[in-house]
Every structure is written in C-alpha cells, then in structure tokens.
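There's a structure below that I have some questions on.
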Amino acid sequence: LAEVREAADRAGRYFPLSLPSEGSCQIGGNLATNAGGVGVLAYGSARQLTLGLEVVLADGRVLSGLTALKKDNTGYDLRDLFIGSEGTLGVITAAVLKLFPKPREMATAFVALSELSGALALFNLAAERAGANLTAFEFMPRIALSFALAHIAGTRDPLPAAHPWYVLIETSSARADGSAERLLLTLLAAASSAGIIGDATLAHSLAQARDFWRLRDSFSAAQKGEGGSIKNDVSVPVAAIPAFVARADALIARLCPGARPLAFGHFGDGNVHYNISQPIGGDRAGFLARWEEVTGAINALVLQFGGSISAEHGIGQLKRAELIRAKAPLALEVMRAIKDALDPKGILNPGKVL
Ligand SMILES: Cc1cc2nc3c(=O)[nH]c(=O)nc-3n(C[C@H](O)[C@H](O)[C@H](O)COP(=O)(O)OP(=O)(O)OC[C@H]3O[C@@H](n4cnc5c(N)ncnc54)[C@H](O)[C@@H]3O)c2cc1C
C-alpha cells in the first residue's frame, strides 16, 4: 500500500487509502478485507477506490476484469463480490485503482470536548461547513490519550489541561491559498461560540500535524502497556455513537468491574473501536478468557442500535460464530450459495468467514 501511495504521489496524484499497516499490507489484502482507515469519510473504503479486478478462481481460471470504467451496468457486480470476501471466493492478482487530485493543503486541529455528544454537534457543523473538504474526523477519550502519553516515546499532550473527550479534525483543499486553514478556523470559531468545544489547538507545522496523528495512531500499541485488551471493531449510525458508548460503558462496568473501555475511531463513519483494557493489577489471562462473553454482550448491544459487528476488520476466524448470530438467516443462505458456486471443494481459506 505504501508503494502505491508513493507511486501516485510521484505521478502528481493521490491514493487516499491510508492505514497504520501501510508499510506491510498488500493491495490484494486491502481489497480482500475491504480496508477502511481514516480516509473513508471523504473517499470511501477500498471498495470505493477500485474500478477493476483480476481474480484467480478456485479452479485456476483467471477472471479478467481490469476495466477502468466508472459505469458498467452489465449484470451482477463481480468486482464487489470479491472485494471484502477475505480470500474465500478467489485470489485477487491485479486491480485498477482510482486516483484523486493531490490535496495541496491540509489543516489539522486537536479539539477538546466535555462530552461525547459534543462530537456529534461538532461533526454536524463540520459536515455542513466543510462538505467534501472535511477529510478526517476522529474521536478519542482522555484514557486513550493518557495510555499513549504513558507508553509511546516522544508523545506529548497537545493541550495544557486534560479534557474528557477529543476530536482530531482535518480539512483539505485542492488550492494552496490558505483556504484549508481558514475553513478550519471558521469552523472552530463557530463551534466555540455555540459552546460545543472546550479548547482547541491548530497544527502550525507539518511536524505538529504528524504529532497529532501519531497520538491517534498509537492507541493499539499503547494499550499493550496496560495489560490484556478485548477488542471490538463495530459500527452504529453516526447519530447513535454517544448513546451507544454510554450504554456500552455501563454494560462493561456491570460485567467486568474495573475494566477500562477505550472508545475511539472514525466518528464520521460511525466506526467505533471499542477496546477494553483489563482492570489495573488484574489477571491478564483470566480477563482475556472472557473475550467471547464480553464481545458477545457488546455485539448484542450493537445490534440493538442497528449496527454492524465488524465495521472494517472483517470476519476472519475470530468473528465467525458471531457472524452466524448477527446475520439474517437468509443473508447467510445467499452467502453460502455464492461460496458453494465459486469454491465447491472449499479450498479457498477454509474456516474463514462462513
Ligand atoms: C497495525 C494495523 C492497523 C490496521 N488499521 C486498519 C484500519 O485502520 N482500517 C482497516 O480497515 N484495517 C486496518 N487494519 C487491517 C487491514 O485491513 C489489514 O492490515 C490490511 O488491509 C490487510 O492487508 P494484508 O496485505 O496485510 O492482508 P493479510 O493480513 O495478509 O490478509 C488478510 C486476508 O485477506 C486474504 N488475502 C490476502 N491477500 C489476498 C489476495 N491477493 N486475494 C484474496 N485474498 C487475499 C488473506 O487470506 C486473509 O484472509 C490494520 C492492521 C494492522 C496490522
């Protein structure tokens, strides 16, 4: 993925898929998992960034679909069938990817909030004011920031005082005329007058913007320093995020007293990484042994909110049983029929997804 991003850059274009794993992950893997990341808000996930695919089928024949067409309504969409299928329907061997004009300017702010509901108000305001120029809107609680500050070398708190919640906002512009920063400043001024935000700081250099992103990208690594963690990658309707997080926190407090939830992620995509760190000084193995019970309870809550038990990390082997519980029986029947038709001997990634 890093090589594709660099090649696009050398050609004066932009490939917006960006993941913390971009130095190691492959385009085939990104497409097989329909990877998301921080650019989904403005550009969509891997699926929306792909025009054509070449796939080797289970019987060895090559399905060639390396088209660069934007419009093609000739029957079933075979490309979208393979994207996100986690290697269970065929092996992706080539792809035509969509490139975009390179943003000439980006402005980044780290914003403090007293309540998570403020993030919803701020997101609505940002979407209204910035439209397609709003290129990232990530949310995180104080505990995530404190884990990063404690365990990741070289990190520092962007704001002088601690606040319960934070949002990292990025605006972009195709023009190099200061418009991205002006847009962000106007937005922050409006949010401040409306009493939505507590404090905010704007990155004054590329290095400062990178520091903000480094904090955001380090939570998974930082959590390792706090013992075992049970992870959930879920989505709910954007407007329901604050209520979902409040209900999930109450659920965890009842189920595992002392456990420490970190709800962070891609607010604008409704994507919550609901990771729970073990209680301080608790038994790591005993906590992790409760993985299925805890994720099962969180997933049941997610379904009550009309959400999905896997927003961007897929099903793999870990969520197979949960998929069967969460998905409508008819949807599972259709998925199995597709699998049987394309891989009748079950040789492609057996034991994954279905
Ligand atoms: C540190 C880290 C951060 C991440 N952050 C994000 C994130 O923010 N957003 C997000 O969406 N995901 C994230 N991911 C997961 C992400 O989806 C994967 O890292 C990446 O997309 C998978 O690519 P890979 O080449 O590593 O695939 P692998 O992990 O090697 O494979 C993933 C699956 O796809 C199958 N597969 C691989 N290649 C092909 C192929 N050519 N054809 C068919 N099937 C294939 C494999 O069999 C496997 O089932 C993260 C992962 C890591 C490690």
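The values are calculated or read from the model by the stated rules, or taken from the named source; none is laboratory data. Worth saying up front: this structure is predicted, and the values here are computed from it rather than measured. Every residue, glycine among them, receives a Cβ derived from its backbone with ideal geometry; neighbour counts consider all protein chains shown. Accessible surface is based on the protein model in full, side chains and every heavy atom, while ligands, DNA and RNA are left aside. Shrake-Rupley method; radii C 1.70, N 1.55, O 1.52, S 1.80 Å.
Quick check on my filter: what residues within region 297-354 are farther than 22 Å from F244 by Cα, in contact (Cβ under 8 Å) with a residue 60 or more places away in the chain and not aliphatic (A, V, I, L, M)?
G316, K339, D343, P344, K345, N349, K352
Here is a yes/no grid of residues against (1) hydroxyl-bearing (S, T, Y); (2) touching a Cys at 6+ places or on another chain (Cβ under 7 Å); (3) surrounded by 22 or more Cβ atoms within 10 Å (Cβ to Cβ); (4) under 18 Å from F139 (Cβ atoms):
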site	(1), (2), (3), (4)
D177	no, no, no, no
L183	no, no, no, no
S205	yes, no, no, no
Q208	no, no, no, no
I230	no, no, yes, no
A246	no, no, no, yes
R254	no, no, no, no
G265	no, no, yes, yes
G270	no, no, no, yes
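Could you check how many residues of region 5-21 are more than 6 Å from the ligand (Cβ to nearest atom) and open to solvent by less than 50 Å² (accessible area, probe 1.4 Å)?
Residues in region 5-21 being more than 6 Å from the ligand (Cβ to nearest atom) and open to solvent by less than 50 Å² (accessible area, probe 1.4 Å): 8 in total.
Continuing with the same structure: Mind counting the residues in region 306-336 that are of a type in the set (D, E, K, R), surrounded by 17 or more Cβ atoms within 10 Å (Cβ to Cβ) and not in a loop (DSSP other than H, G, I, E, B)?
1
Name every residue in region 1-42 that is within 18 Å of A174 (Cα to Cα) and without any contact (Cβ under 8 Å) to a residue 60 or more places away in the chain, in order of residue number.
R5, R10, L17 - these are the residues of region 1-42 that are within 18 Å of A174 (Cα to Cα) and without any contact (Cβ under 8 Å) to a residue 60 or more places away in the chain.
What's the number of the condition A95 fails, among (1) open to solvent by less than 70 Å² (accessible area, probe 1.4 Å); (2) within 13 Å of the ligand (Cβ to nearest atom); (3) part of a loop (DSSP other than H, G, I, E, B)?
(3)
Of all the residues that make up region 66-84, how many are within 14 Å of the ligand (Cβ to nearest atom) and either over 27 Å from the mean Cα position of the chain (by Cα) or on the phi > 0 side of the Ramachandran plot (or both)?
Matching residues across region 66-84 total 1.
I need the full set of residues from region 22-59 which are open to solvent by 50 Å² or more (accessible area, probe 1.4 Å) and within 9 Å of the ligand (Cβ to nearest atom), in order please.
Listed by number, the residues that qualify are S24, Q26, T33.
Next up: When you check R254 against the structure, is it more than 16 Å from the ligand (Cβ to nearest atom) and in contact (Cβ under 8 Å) with a residue 40 or more places away in the chain, yes or no?
Judged against the criteria, R254 is not a match.
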